[in-house]
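Computed from the coordinates by the stated procedures, all read-outs in this text should not be read as laboratory data. Please read these numbers as outputs of a predicted model, since none were measured by experiment. Cβ: placed from backbone, ideal geometry, glycine included. Neighbour counts: every protein chain shown.
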Amino acid sequence: MVMGCLFCKIVALEIPADIVAESELSVAFNDISPQAPTHVLIVPKVHFQNAAELAYEQPDSIADLFQLAGEIAESRGLSGYRTVFNTGAEAGQSVFHAHLHLLGGRSLSWPPG
């Protein structure tokens, strides 16, 4: 756990969150500012600043994030969904703990942003 990290505190159950799923390696919870009817954040239980760092250090955790995303999408009956990692402030990352956004439940335009 990294001191002051919001997502580390959620993983440690120090801050409440609407947790929707969990695996051995990851925790998923509803985003507090959803951008789609389904907007779930899936975070590794171990702190890494971004997805590239996580993939380099614990590649099994990256696979786990996507497996959990698929399970959540299926459980919600999503016929299509988007998964996104924002890396760095310029890309919109505001919490510097790697996390995968799962978005769905409406038509999503392309290109995003």
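Report, by residue number, each residue of the stretch 14-43 that is surrounded by fewer than 11 Cβ atoms within 10 Å (Cβ to Cβ) and either in contact with a Ser or Thr (Cβ under 6 Å, 6 or more places away or on another chain) or farther than 16 Å from Ala69 by Cα (or both).
Listed by number, the residues that qualify are Glu14, Pro16, Ile32, Ser33.
Let me confirm something: among Ile19, Ile15, which residue is in contact with a strand residue (DSSP E or B) (Cβ under 8 Å, 6 or more places away or on another chain) and over 15 Å from Ala98 (Cβ atoms)? Before you say what the answer is, go through the steps one by one.
On the way: Ile15 fails: in contact with a strand residue (DSSP E or B) (Cβ under 8 Å, 6 or more places away or on another chain).
Of the residues listed, the single one that is in contact with a strand residue (DSSP E or B) (Cβ under 8 Å, 6 or more places away or on another chain) and over 15 Å from Ala98 (Cβ atoms) is Ile19.
From the set of residues in the stretch 1-57 that are of a type in the set (Val, Ile, Thr) and under 28 Å from Ser79 (Cα atoms), which is nearest to the chain's Cα centre (by Cα)?
Going through the stretch 1-57, the residues of a type in the set (Val, Ile, Thr) turn out to be 2, 10-11, 15, 19-20, 27, 32, 38, 40, 42-43, 46.
Checking the rest, the ones that are also under 28 Å from Ser79 (Cα atoms) come to 19-20, 27, 32, 38, 40, 42-43.
Values: Ile19: 11, Val20: 12, Val27: 8, Ile32: 12, Thr38: 12, Val40: 6, Ile42: 3, Val43: 5 Å.
It comes out as Ile42.
From the list Ala91, Ala69, Ala63, which residue is within 24 Å of Gly4 (Cβ to Cβ) and either surrounded by fewer than 17 Cβ atoms within 10 Å (Cβ to Cβ) or under 13 Å from the mean Cα position of the chain (by Cα) (or both)?
Ala91
Going residue by residue through the stretch 45-59, is there one that turns out to be farther than 22 Å from Ala89 by Cβ, surrounded by 14 or more Cβ atoms within 10 Å (Cβ to Cβ), touching a residue at least 40 places away in the same chain (Cβ under 8 Å) and not polar (S, T, N, Q)?
Checked the stretch 45-59: no residue is farther than 22 Å from Ala89 by Cβ, surrounded by 14 or more Cβ atoms within 10 Å (Cβ to Cβ), touching a residue at least 40 places away in the same chain (Cβ under 8 Å) and not polar (S, T, N, Q).
How many residues are farther than 11 Å from Lys45 by Cα and aliphatic (A, V, I, L, M) when one looks only at the stretch 3-12?
Looking only at that region, the number is 2.
Consider only pairs whose beta carbons are under 6 Å apart and that are at least six residues apart or on different chains; among these, list those whose first residue lies in the stretch 1-13 and is buried (at least 19 other Cβ atoms within 10 Å of the Cβ) and whose second residue is outside any loop (DSSP other than H, G, I, E, B).
Cβ pairs passing all conditions: Phe7/Val43; Val11/Val27.
Kindly indicate whether Leu68 is touching a helix residue (DSSP H, G or I) at 6+ places or on another chain (Cβ under 9 Å) and closer than 20 Å to Ile10 by Cα.
no
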